[in-house]
Amino acid sequence: MKHTLLSNGRHIAYRSDGALDGYPLVLLHGFCEDATVWDGFIPFLKKEPVVRVNLPGFGGSDLALNPGMDVYADAVCAVVNDLSIEKCVLIGHSMGGYTALEFAEKYPERLVGLGLFHSHPFEDSPERKEARHRGIEMLQSGKRDLYVAQLFPGLFAESFGKTNPEVINALINKGKRQSPEAIAAALEGMILRKNHLETLQNINCPAQFIFGSEDAIATPEQGLKAAVLPNIADVHVLPGVGHMGMFEAPEKCAAIVQQFWEFCAT
Ligand code: MLT
């Protein structure tokens, strides 16, 4: 794992595989996870270079000074700068997608492709904000392990969860190693985020959307309303998949991302 420093002295941990020529694929993980969520997905990609970023507070990256998807986007930019990557294809899973949208707004010149992997550009509903505030209270009262144990089972399609409990348990165990402060900051950052419909409307590179038919968080119904906004969109709804396609259908998801990456990079 390599590190880069933000201007405020905080470290961002990332992994870069392959010689850095062409347009690298940069992958962002979701909430309460780290860059290792891509470990089972990457072997199905047919090319490099691939960069995996640990967002602030997660997977060995320092906690940011303030919460916010814009702060996460700056951390991604620091990694891209550290590697002297001029332009990349940026794919964000769920909260990583919220970050990727902030990046697209702040640094449009650095993108040749943007991918929302079980993600969307809408802000939180009042109910969702309320649930996140309850989560922050749990974390602040020392219930991190309980919070994490409740989080992951609901992210998978029911049938996958029944047959692959070890995948969920591994994520829970890793989640229990993330600091409560980092998890709470991510919740706060998601509460604070704005909608990015205009970002998608104005985007000057192709955009990819991957949805799972069984995803209760980034539903295809909601996501398809956003997928009509960019000039060039590549849209996939995966039958029987929940919110975690990189685990539930890694080969298929890798093929879809690979095709988009090649399309954007030529
Ligand atoms: C994620 O997987 O990053 C979260 O489910 C995103 C969210 O809670 O909106």
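The values are calculated or read from the model by the stated rules, or taken from the named source; none is laboratory data. Predicted model only: the values in this text are computed from it and were never measured. We place every Cβ from the backbone using ideal geometry, glycine too, and count neighbours over all the protein chains shown. When the accessible area is computed, the model is the full protein with side chains, heavy atoms only, and any ligands, DNA or RNA have been set aside. Shrake-Rupley method; radii C 1.70, N 1.55, O 1.52, S 1.80 Å.
Quick look at the numbers
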| read-out | value |
| --- | --- |
| Options 213, 159, 179: the member that is over 30 Å from residue 265 (Cβ atoms), away from the ligand (no atom under 16 Å from the Cβ) and under 19 Å from the mean Cα position of the chain (by Cα) | 179 |
| Selection count, the range 157-168, where residues are surrounded by fewer than 18 Cβ atoms within 10 Å (Cβ to Cβ) and within 18 Å of residue 33 (Cβ to Cβ) | 4 |
| Selection count where residues are away from the ligand (no atom under 13 Å from the Cβ), open to solvent by less than 70 Å² (accessible area, probe 1.4 Å) and without any contact (Cβ under 8 Å) to a residue 40 or more places away in the chain, scope the range 118-140 | 1 |
| Residues that are assigned to a loop (DSSP other than H, G, I, E, B) and surrounded by 22 or more Cβ atoms within 10 Å (Cβ to Cβ), drawn from the range 194-229 | 196, 203, 215, 218 |
| Scope the range 230-252; condition open to solvent by 30 Å² or more (accessible area, probe 1.4 Å) and farther than 20 Å from residue 160 by Cα; matching residues | 231, 232, 233, 234, 235 |
| Residue among 255, 265 that alone is modelled with pLDDT under 95, within 24 Å of residue 35 (Cα to Cα) and surrounded by fewer than 21 Cβ atoms within 10 Å (Cβ to Cβ) | 265 |
| Test for residue 154: is it surrounded by fewer than 16 Cβ atoms within 10 Å (Cβ to Cβ), in contact (Cβ under 8 Å) with a residue 60 or more places away in the chain and either within 14 Å of the ligand (Cβ to nearest atom) or not in a helix (DSSP H, G or I) (or both) | yes |
